[in-house]
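Student: Quick one: the structure is below, and I'll ask about it shortly.
The values are calculated or read from the model by the stated rules, or taken from the named source; none is laboratory data. Note that the coordinates shown come from a computational prediction; the quantities given were computed from them, not determined experimentally. Note that we place each Cβ from the backbone using ideal geometry, even for glycine, and neighbour counts take in every protein chain shown.
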Amino acid sequence: MNDQTPIIQVKGIGEKTQKLFQKLDIHTVGDLIRHYPRDYEVFEEPGMISGAAPGTVCAVRACVVGIPNLKRVRSLSILNVTVRDASGGMLLTFYNMPFLKSVLKSGGFYIFRGLVQTRGNGRVMEQPRIFSETDYAGQMSAIQPRYGLTKGLTNQMLQKAMKQALTFYEYEEEYYPSWIIESCQLESGKDALCGIHFPADQEALLKARKRLVFDEFFTFLLVLQKNKDISRNLPNEYPMKPTEETRRFLEAMPFSLTKAQFKVWGEIRADLEGPFCMNRLVQGDVGSGKTMVALLSLLECVCNGYQGAMMAPTEVLAVQHYETVQDYRERYGLPFRPALLVGSMTAKEKREAYGQIESGEANLVIGTHALIQDKVTFRSLALVVTDEQHRFGVRQRERLVGKGYTPHVLVMSATPIPRTLAIILYGDLQISVIDELPADRLPIKNCVVNTSYRPKAYEFIAKQVSMGRQAYVICPMVEEGELEEAENVVDYSEKLKAVLPPWIQVACLHGKMRPSDKNRIMEEFGAGKIQVLVSTTVIEVGINVPNATVMMVENAERFGLAQLHQLRGRVGRGSHQSYCIFISTKENRETMERLDILNHSNDGFHIASEDLKLRGPGDLFGIRQSGEFAFRIGDIYNDASVLKQAADAVARLLGEDPELARQENEPLRRHFERIAADGVDFRSI
């Protein structure tokens with residue numbers, strides 16, 4: 001078996017199971033073995049209920065007391081059952097699992113494993129997993145991988161398929177030269193793949209993970225350096241001059257640019273007027289005014305007689321940008337002639353947009369990545385403004401160069417990355433930073449609390465909604481014993497509907513929904529038809545909803561501080577006071593102190609720096625990595641030292657042998673040729 005072997009050739013996978021794997025975007029053996037565990041379980045010896053510390057995952061051996069109580073609250077079924085051992089009692093709560101009423105027999109002994117929480121003066125486990133003595137004993141012998149799943153596909157099924165694939169997989173020869181292996185202390189690729197899925201112990205897991213993280217970073221940085229070589233000193237084919245329209249627009253606006261915005265705008269203008277093509281990143285917190293700087297750049301572009309393009313990560317955001325431009329055009333008499341181009345448009349609407357773009361009738365094109373596809377022909381594309389979610393890389397440049405364009409590129413990012421890492425990660429771009437917020441922004445009020453605060457939080461959300469406001473509730477990936485991501489969010493929204501007043505409209509949003517459904521829900525939330533939106537972190541790049549004043553984040557300890565700060569940026573965008581509630585299921589001192597940093601700072605770059613300092617080996621699988629640099633396994637905060645190792649190795653390698661022509665580098669060159677032949681396109685980074 002190799003990377004391109006169809007998944008159905010793995011023993012035990014038939015047509016029905018193949019379709020389930022395809023839902024996870026697993027089509028080949030290569031896809032399967034790179035579907036890394038999202039975390040791991042170590043099954044400890046079951047303890048006593050009295051020793052089950054709130055905020056920790058524990059296993060207890062206990063007896064069911066009495067008959068389980070089943071009730072329904074609207075469409076949600078809630079099963080409560082009390083269990084006891086010699087040290088005390090505990091309440092177990094199960095959602096939408098009514099069949100357990102006949103499974104959990106009074107007087108029966110079971111092992112229950114889950115997250116322990118407090119409710120009043122007692123302990124509670126929600127949705128714990130249930131084991132027999134024999135089953136639990138079989139789990140205690142090894143570190144157990146846990147994978148991202150889909151409905152119908154169990155963790156056990158995925159583990160079985162993974163063992164089959166790893167047994168018969170044709171492992172690649174070692175492709176790094178010996179000096180990289182030795183200086184970076186890397187184990188073999190074969191040992192890393194086996195060790196990441198079925199580690200013998202914690203040390204083996206860390207070694208395996210380091211090799212795979214290094215592979216990701218090394219590939220990314222090598223491609224980045226090639227991107228830099230292509231982008232460096234491209235001649236400015238579209239030189240621009242300062243225009244009167246831009247000056248008048250700045251004077252007419254009801255607010256003034258901040259000093260930071262003026263500084264960055266000056267850097268962009270120098271690029272547009274200079275001898276070389278612009279390739280610049282603008283970093284700034286959510287709400288710092290990056291979009292306004294982008295619009296000024298596009299205005300300068302169209303006033304010089306050229307076309308501009310603005311790419312957004314979602315259709316909803318593209319439509320919002322389009323409407324903003326139309327509003328500014330009418331209010332200030334700006335010479336924009338915008339065209340919208342998104343996937344949900346009809347064929348007729350797209351044809352009309354293509355014609356306007358090709359003729360030059362449209363001088364500003366706003367859309368998703370659809371706007372640089374083959375069917376789109378520009379007349380004089382001079383500037384592309386894009387989003388970090390859509391890194392405008394070598395592949396896109398090649399596509400446009402093939403059409404005769406070498407446009408200026410401006411990338412916007414709200415990811416607050418410490419400068420030491422930004423220099424490595426954005427090596428192909430000039431960097432500008434907008435490091436202050438508009439003066440009229442009210443600071444967000446924050447609180448970090450434990451799970452006992454939930455009822456008060458729900459009351460607070462209901463009060464804000466009664467005042468005409470809206471709220472976000474963010475769920476992470478699954479907790480112990482819960483269902484997979486999509487169902488988890490759906491489940492939580494049902495629980496919220498049960499506890500909030502019935503007149504409050506609650507909806508849920510997650511990454512596995514169809515784009516049309518996501519767009520519809522975001523539009524309805526933006527229009528105020530939905531008051532509470534339960535979502536995964538997909539809303540990090542959501543639309544601007546100034547009326548949203550509450551952000552509540554469940555299991556906040558599972559996110560990086562930088563990502564929590566970005567989520568917080570979804571509120572505080574209007575004139576009303578906004579609030580952020582971080583709920584932690586872990587109550588130990590280290591976790592609460594770490595989250596408390598968010599209480600004392602709204603500066604994303606300070607928070608990111610603190611996040612970098614506080615991450616440690618114990619956090620490798622407990623904290624979700626942050627937004628735009630969503631590597632498959634690497635994390636720029638946890639793995640900052642590996643990132644620096646990879647950067648040093650790439651710099652030395654290309655410094656000594658830029659074409660990888662030496663004999664010792666031949667396996668590495670073949671490796672990159674192979675992954676390119678297999679359709680793994682790293683050039684779009």
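Student: Scan LEU158, LEU104, LEU166 and give me the residue that is at pLDDT 90 or above, over 29 Å from ILE633 (Cα atoms) and among the aliphatic types (A, V, I, L, M).
Tutor: When all the criteria are applied, what remains is LEU104.
Student: With respect to the numbered conditions (1) surrounded by fewer than 21 Cβ atoms within 10 Å (Cβ to Cβ); (2) closer than 25 Å to SER344 by Cβ; (3) touching a helix residue (DSSP H, G or I) at 6+ places or on another chain (Cβ under 6 Å); (4) touching a residue at least 40 places away in the same chain (Cβ under 8 Å), which one is the sole condition not fulfilled by GLY511?
Tutor: Single failed check for GLY511: (4).
Student: Could you run through the range 496-516 and say how many residues are at pLDDT 85 or above and either over 20 Å from LYS529 (Cα atoms) or among the hydrophobic types (A, V, I, L, M, F, W, C) (or both)?
Tutor: Our first condition is that a residue be at pLDDT 85 or above; within the range 496-516, this holds for 496-509.
Next cut, either over 20 Å from LYS529 (Cα atoms) or among the hydrophobic types (A, V, I, L, M, F, W, C) (or both) only: 496, 498-500, 503-504, 506-509.
Qualifying residue count for the region: 10.
Student: So which of VAL286, VAL282 is touching a Ser or Thr at 6+ places or on another chain (Cβ under 6 Å) and of a type in the set (A, V, I, L, M, F, W, C)?
Tutor: On the way: VAL286 fails: touching a Ser or Thr at 6+ places or on another chain (Cβ under 6 Å).
From the options VAL286, VAL282, the qualifying one is VAL282.
Student: Looking for whichever is under 30 Å from CYS58 (Cβ atoms), at pLDDT 80 or above and within 20 Å of the chain's Cα centre (by Cα) here; the options are GLY560, GLY569. Which one fits?
Tutor: Numbers: GLY569 fails: under 30 Å from CYS58 (Cβ atoms).
Exactly one of GLY560, GLY569 is under 30 Å from CYS58 (Cβ atoms), at pLDDT 80 or above and within 20 Å of the chain's Cα centre (by Cα), namely GLY560.
Student: Please go through (1) assigned to a loop (DSSP other than H, G, I, E, B); (2) polar (S, T, N, Q); (3) without any contact (Cβ under 8 Å) to a residue 24 or more places away in the chain for GLN4 and return the number of the only condition it doesn't satisfy.
Tutor: Condition (3) is where GLN4 drops out.
Student: Something else about it: Identify all residues within the range 154-174 that are in contact (Cβ under 8 Å) with a residue 60 or more places away in the chain, surrounded by fewer than 16 Cβ atoms within 10 Å (Cβ to Cβ), over 29 Å from the mean Cα position of the chain (by Cα) and assigned to a helix (DSSP H, G or I); write none if there are none.
Tutor: PHE168, the sole residue that qualifies.
Student: Hey, among GLN261, GLN283, which residue is farther than 27 Å from THR377 by Cβ, at pLDDT below 95 and surrounded by fewer than 23 Cβ atoms within 10 Å (Cβ to Cβ)?
Tutor: Exactly one residue qualifies, and that residue is GLN261.
Student: Still on this structure, please answer the following. Show the residue pairs that are 6+ apart or on different chains and have beta-carbon atoms under 9 Å apart, the first residue being within the range 638-663 and at positive phi, the second being assigned to a helix (DSSP H, G or I).
Tutor: LEU660/LEU653; LEU660/LEU654; LEU660/GLU666; LEU660/LEU668; LEU660/ARG669; LEU660/PHE672
Student: Residues in the range 414-460 that are among the β-branched types (Val, Ile, Thr) and part of a helix (DSSP H, G or I): how many?
Tutor: Counting residues in the range 414-460 that are among the β-branched types (Val, Ile, Thr) and part of a helix (DSSP H, G or I) gives 4.
Student: Still on this model: Filter the range 544-564 for residues that are touching an Asp or Glu at 6+ places or on another chain (Cβ under 8 Å) and in contact (Cβ under 8 Å) with a residue 60 or more places away in the chain; which is surrounded by the fewest Cβ atoms within 10 Å (Cβ to Cβ)?
Tutor: Taking the range 544-564 as the starting set, the residues that turn out to be touching an Asp or Glu at 6+ places or on another chain (Cβ under 8 Å) are 555, 560-563.
Subsequent filtering for residues that are in contact (Cβ under 8 Å) with a residue 60 or more places away in the chain retains 555, 560, 562-563.
On the way: ASN555: 20, GLY560: 25, ALA562: 25, GLN563: 25.
That would be ASN555.
Student: Name the residues in the range 62-92 that are among the polar types (S, T, N, Q) and buried (at least 16 other Cβ atoms within 10 Å of the Cβ), would you?
Tutor: SER77, THR82
Student: Restricting to the range 588-612, and then to whatever is of a type outside the set (D, E, K, R) and assigned to a loop (DSSP other than H, G, I, E, B), can you tell me which residue is modelled with the lowest pLDDT?
Tutor: Applying the filter and picking the extreme gives ASN588.
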